[in-house]
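Trainee: Pasting a structure here, questions to come.
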Amino acid sequence: MPKFVAIKIHYDHRKSLAPYLKYSKAPTSEEYMEYLDLFHEEGIGGAGFHECLNFSVRDNIPTKIYLPPTCIPSDKYLDEEIVFFSFTYKYDKEIPSSIIGVNAAARLVSNGKDSIARNDIEKIEGIEQFHYHAEAPSEFTTLITPTIKYEFKDGIYTPEYASWGYGLRYITEEHAANIIDAAILGAKKRLSDSTVSESIILEREISVLEAIQRRYSLPSSQINSQQKKSNSSNSGWNNIPPDKEVGFLGEKFVYEQEVAYAIKNGIPVSEIEWVSQSDPQSPYDIKTVRITSNGKQEHFIEVKSSRSINESNIYISSRQVNFFQENESTSTLKFVTFISNTQVDTVQEYSLKQLMNEFELIPIKFKLQSFKK
């Protein structure tokens, strides 16, 4: 039987990230110190930024979960499957008493006394190496947007408590079902009034939440059941990344270029969104801004990265082609090539029309249909 666990973490306070992209990017040194100034002096929670690394979603790579010292399950659950629900503190400055995300199908990878150093993110000079205690499949990891307000005394999302404090709390299947159901309904309601980037993230969120619901046979409300739909036909989740690590580095390089462009042109950094860090199967990786004769304009970038620029190592989905056809004047594809593990050689930029003039699209997947009727 899976264990359903509620833990408390800090809300990601960074203004540079949209609500649906929170926790998707490791902090800079400046962001880390700002975090300490905001929270440590008041003694709310721990004295680290680890809590903001629980929802960086990489395609087919487990999400590494940091658990605050008071939120590590008992050693007897080392071999158990765990569903972690993340709650914010009652005294959080921005999003108090809210349920903000879920990491399902998780497994502890260390006991309560030890943790594992992360080597997949850059170390901040003067700060101890980031650590993690559990892993969850990316396909069962999602933020909950909009967040869910909770009251620990009402018994809806947790058992009724006189007070919670700072530690973890074990909750029942019924509480888990209520959280997932409320999250799905909230996301579907939000979809009708969302931006392009937000709608892509919300569609993935709904798909993940429904997958969690199915995995644990959690009941859903009648309204939710009637609204439930499959996203498999248009999700584009079947991309085959040729090199996951170089793909991440290429996106990071382009994202940093776009942030520099924003700063140079007086554009708020929050308008530059690394969307693929929250939805790896988004039809584009980065939503940015361009200065045009008509003022600021949204612009979408899909990044393709490789060790050598050749068509055998570059893949593009039909969903991406459709998106770039529909947004041809406001979208580009950037091909980033590396000559070493970290050194960029060239960056080539294409519109969809230029891409189609230079490359041929070769189908590599087919749907199977039985001969039996």
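The values are calculated or read from the model by the stated rules, or taken from the named source; none is laboratory data. Just so it is clear, the structure is predicted and the values come from calculations on it, not from any experiment. Positions of Cβ are generated from backbone atoms using ideal geometry, with glycine treated the same way; all protein chains shown enter the neighbour counts.
Trainee: If Ile116 meets every condition in (1) crowded, with 20+ Cβ neighbours inside 10 Å; (2) in contact with a His (Cβ under 7 Å, 6 or more places away or on another chain) apart from one, which number is that one?
Mentor: (1)
Yes/no per residue for (1) under 24 Å from the mean Cα position of the chain (by Cα); (2) modelled with pLDDT of 90 or more:
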position	(1), (2)
Tyr315	yes, no
Glu326	no, yes
Ser329	no, yes
Leu333	yes, yes
Ser340	no, no
Gln348	no, yes
Met356	no, no
Ile362	no, no
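Trainee: Please specify each residue of region 319-343 satisfying the condition of being in contact with a helix residue (DSSP H, G or I) (Cβ under 7 Å, 6 or more places away or on another chain) and surrounded by fewer than 16 Cβ atoms within 10 Å (Cβ to Cβ). Reasoning before the result, please.
Mentor: Pass one, region 319-343, residues in contact with a helix residue (DSSP H, G or I) (Cβ under 7 Å, 6 or more places away or on another chain): 324-325, 328, 331, 333-334, 336, 338, 342.
Correct list: Gln325, Glu328, Thr342.
Trainee: Give me a count of the residues in region 124-161 that are in contact with a strand residue (DSSP E or B) (Cβ under 9 Å, 6 or more places away or on another chain), modelled with pLDDT under 90 and of a type in the set (A, V, I, L, M, F, W, C).
Mentor: Result for region 124-161: 2.
Trainee: Can you tell me which residue in region 172-197 is surrounded by the fewest Cβ atoms within 10 Å (Cβ to Cβ), limited to those that are closer than 22 Å to Asp92 by Cα and hydrophobic (A, V, I, L, M, F, W, C)? It would help to see each step written out before you state the result.
Mentor: First, pick out the residues of region 172-197 that are closer than 22 Å to Asp92 by Cα: 179, 182-183, 186.
Then keep just the ones that are hydrophobic (A, V, I, L, M, F, W, C); that gives 179, 182-183.
Numbers: Ile179: 27, Ala182: 20, Ala183: 28.
For region 172-197, the residue satisfying everything is Ala182.
Residues checked against (1) surrounded by fewer than 16 Cβ atoms within 10 Å (Cβ to Cβ); (2) at pLDDT 85 or above; (3) of a type in the set (Asp, Glu):
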residue: Ile9; (1), (2), (3): no, yes, no
residue: Arg14; (1), (2), (3): no, yes, no
residue: Tyr20; (1), (2), (3): no, yes, no
residue: Asp37; (1), (2), (3): yes, no, yes
residue: Gly45; (1), (2), (3): no, no, no
residue: Phe49; (1), (2), (3): no, no, no
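Trainee: If you scan region 323-342, which residues turn out to be out of contact with any strand residue (DSSP E or B) (no Cβ under 8 Å at 6 or more places or on another chain) and within 23 Å of Val289 (Cβ to Cβ)? Step through it out loud before you land on a result.
Mentor: Start the filter on region 323-342 by keeping residues that are out of contact with any strand residue (DSSP E or B) (no Cβ under 8 Å at 6 or more places or on another chain), which leaves 325-326, 328-329, 340-342.
Of everything in region 323-342, those that are out of contact with any strand residue (DSSP E or B) (no Cβ under 8 Å at 6 or more places or on another chain) and within 23 Å of Val289 (Cβ to Cβ) turn out to be Gln325, Glu326, Glu328, Ser329.
Trainee: I need the full set of residues from region 154-171 which are surrounded by 13 or more Cβ atoms within 10 Å (Cβ to Cβ) and part of a loop (DSSP other than H, G, I, E, B), in order please. Please lay out each step first, then the result.
Mentor: Looking only at region 154-171, we keep the residues that are surrounded by 13 or more Cβ atoms within 10 Å (Cβ to Cβ), and these are 155-159, 161, 164, 166-171.
Result: Gly155, Ile156, Tyr157, Thr158, Pro159, Tyr161, Trp164, Tyr166, Gly167, Leu168.
Trainee: Tell me yes or no: at least one residue of region 269-278 is assigned to a loop (DSSP other than H, G, I, E, B) and in contact with a Phe, Trp or Tyr (Cβ under 8 Å, 6 or more places away or on another chain).
Mentor: Our first condition is that a residue be assigned to a loop (DSSP other than H, G, I, E, B); within region 269-278, this holds for 272, 278.
Applying the additional criterion that residues be in contact with a Phe, Trp or Tyr (Cβ under 8 Å, 6 or more places away or on another chain) yields 272, 278.
The answer is yes, given that some residue of region 269-278 is assigned to a loop (DSSP other than H, G, I, E, B) and in contact with a Phe, Trp or Tyr (Cβ under 8 Å, 6 or more places away or on another chain).
Trainee: Further, regarding this structure: For region 82-149, which fully contained strands (runs of 3 or more DSSP E) count at least 2 residues that are within 16 Å of Ile7 (Cβ to Cβ) and in contact with a helix residue (DSSP H, G or I) (Cβ under 8 Å, 6 or more places away or on another chain)? Break it down stepwise before answering.
Mentor: Working: elements: 82-87, 98-108, 134-136, 141-149.
The qualifying strands (runs of 3 or more DSSP E) are 82-87, 98-108, 141-149.
Trainee: Mind listing whichever residues of region 170-200 are out of contact with any helix residue (DSSP H, G or I) (no Cβ under 9 Å at 6 or more places or on another chain) and over 30 Å from Ile301 (Cβ atoms)?
Mentor: Hits for region 170-200 are Tyr170, Thr172, Glu173, Glu174, His175, Asn178, Ile179, Ala182.
Trainee: Please specify each residue of region 344-360 satisfying the condition of being assigned to a strand (DSSP E or B), out of contact with any helix residue (DSSP H, G or I) (no Cβ under 6 Å at 6 or more places or on another chain) and of a type in the set (A, V, I, L, M). First the steps, then the outcome.
Mentor: Quick first cut of region 344-360, residues assigned to a strand (DSSP E or B) only: 344-350.
Checking the rest, the ones that are also out of contact with any helix residue (DSSP H, G or I) (no Cβ under 6 Å at 6 or more places or on another chain) come to 345-350.
Answer for region 344-360, where residues must be assigned to a strand (DSSP E or B), out of contact with any helix residue (DSSP H, G or I) (no Cβ under 6 Å at 6 or more places or on another chain) and of a type in the set (A, V, I, L, M): just Val347.
Trainee: Could you list, in sequence order, the residues of region 119-136 that are small (Gly, Ala, Ser) and surrounded by 17 or more Cβ atoms within 10 Å (Cβ to Cβ)? First the steps, then the outcome.
Mentor: Step one: of region 119-136, the residues small (Gly, Ala, Ser) are 126, 134, 136.
Of everything in region 119-136, those that are small (Gly, Ala, Ser) and surrounded by 17 or more Cβ atoms within 10 Å (Cβ to Cβ) turn out to be Ala134, Ala136.
Trainee: Which residue pairs have Cβ atoms closer than 6 Å, lie 6 or more positions apart in sequence or on different chains, and pair a first residue in region 57-68 that is assigned by TED's automatic domain parsing to the domain that holds Phe130 and part of a loop (DSSP other than H, G, I, E, B) with a second residue that is among the hydrophobic types (A, V, I, L, M, F, W, C) and modelled with pLDDT under 90?
Mentor: Listed pairs, sorted by first residue: Tyr66/Leu53.
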